[in-house]
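Reviewing the structure listed below.
The values are calculated or read from the model by the stated rules, or taken from the named source; none is laboratory data. Because the structure is a prediction, the values reported are computed rather than measured. Areas reflect the complete protein model, heavy atoms only, side chains present, ligands, DNA and RNA absent. Shrake-Rupley method; radii C 1.70, N 1.55, O 1.52, S 1.80 Å.
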Amino acid sequence: MLTGRDFLTLLEFSTDEILYLIDLAIRFKQGKIDNSRLLGARNKVAALIFEKPSTRTRMSLEVACHHLGMSPLYIETKTTQLARGEPLEDFARVIDRYVDIIAARVYSHRTLEVLAEYAKAPVINALSDLYHPLQALADYMTIKEKFGELSEIKIAFVGDTDNNVAHSLTIGAAKLGLEIRLIGPKEYRPKKEFLNMVDKVAKNTGAKIVVTDNPTEGLKDINVVYTDVWVSMGQEEEREKRIKIFRPYQVNFELVKPADPNFIFMHCLPRHRGEEVSDELFESKHSVVFDQAENRLHTAKAVFAAILLEEKL
């Protein structure tokens, strides 16, 4: 059961639990669950705490709350007493008295850990510097929709393989027993500690995690090609350096020639036009990025419902 649990990373969830959330999200999308007032009858309230600006995360969480009949409270931290130095520990214990669940989009993952430690209400990671599990859940839902299954699917993440999206996608692959190849410059590979951690998970599931700086080898027979921006929020000072280093890893039709002819292209959005992916490939039949974006809504509903309801849907 997922009732009452925090959702900080996919590491804390079993393979069966992750598959349950994916299937639950698909059932929500297909209209197989009557979600009208599913949580509203219980007078549930969600605090949506944002340190960082957002489009998909904010809208998917707010709409998910409305669909489930739950009241969302959108809170920018700069409008709270946190901006004037209130201890995070105190903030967590105060809002815990008002709401049933907390979703937070933050700069530091440590912020989520403190919230989870001091608030009794479940805490959902809506993005941190280290992990983005809600995105990964939507990604694997999308892959299952497009291929009908997850087994035997090979995934390549191209570019900055040490970012939060790459981390959560890799954890998901390790948990689900899939092959994932992290393709990018050596300077921006995941930390050794992270790779050791996911390798331990992979040994139990039969997953395969490959790290390479060679796109030709890494993309051979790949089913899913995934990329993200080269310059994330907070990295603007490194912009010119990063663009120069990552330029050979732009996802375009020349780069993906070794991939399976029926590959799908994924991107968590927003993109930087002309940088990490060519317009031609982004707008091609291979691109499923807007299905991905839509699925953020359905996976948000699945996570909220699974954590707040005592019964399994």
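Only Cα pairs under 8 Å and 6+ residues apart enter the sum, and on that basis the relative contact order of the stretch 174-232 stands at 46 percent. When the listed pairs Lys32/Lys175; Lys244/Lys285; Lys146/Lys208; Lys44/Lys312 are checked against a 23 Å cut-off, the alpha-carbon distance exceeds it for Lys32/Lys175; Lys244/Lys285. A 1.4 Å probe over all protein chains sorts Val63, Val114 by accessible area into Val63, Val114, starting with the largest. Fully extending the segment from Ser71 to Asn214, taken as 0.36 nm per residue of separation minus the present Cα-Cα distance, adds 46.7 nm. Largest mean-square fluctuation among Pro122, Pro190, Pro261, in a Gaussian network model of the chain whose springs join Cα atoms under 10 Å apart, belongs to Pro261. With contacts taken as Cα pairs under 8 Å at a separation of at least 6 residues, the chain carries a relative contact order of 21 percent. Shape class of the stretch 161-305 from the alpha-carbon gyration tensor: rounded, with the ratio a/c of largest to smallest axis under 1.5.
Using a probe of 1.4 Å, the accessible surface attributed to Lys32 totals some 140 Å² when neighbouring protein chains are kept in position. Judged by the ratio a/c of the largest to the smallest principal axis of the C-alpha gyration tensor, the stretch 232-313 counts as oblate, that ratio being 1.5 or greater while a/b is no larger than b/c. The portion of the accessible surface of the stretch 1-49 made up by carbon and sulfur, rounded to a whole percent, is 47 (1.4 Å probe; DNA, RNA and ligands excluded).
Close amide H partners of Ile101, meaning residues 5 or more places away or on another chain with modelled amide H under 5 Å apart, are Val45, Ala47.
Solvent-accessible area assigned to carbon and sulfur over the stretch 159-313 amounts to 48 percent, based on a 1.4 Å probe. Each principal axis of the Cα cloud of the chain was evaluated for its coordinate range; sorted largest first, these ranges are 54, 45, 37 Å.
In the context of the full set of protein chains, the stretch 1-53 has a per residue accessible area of 46 Å² (1.4 Å probe). A 1.4 Å probe run over the stretch 109-153, with the rest of the protein chains in place, finds 35 Å² accessible per residue. Mind jotting down the distance between the C-alpha centroids of the stretch 251-313 and the stretch 64-125, whole Å? Each part reduced to its Cα centre gives a spacing of 27 Å. Centroid-to-centroid, using Cα positions, the stretch 150-217 and the stretch 1-53 are 25 Å apart.
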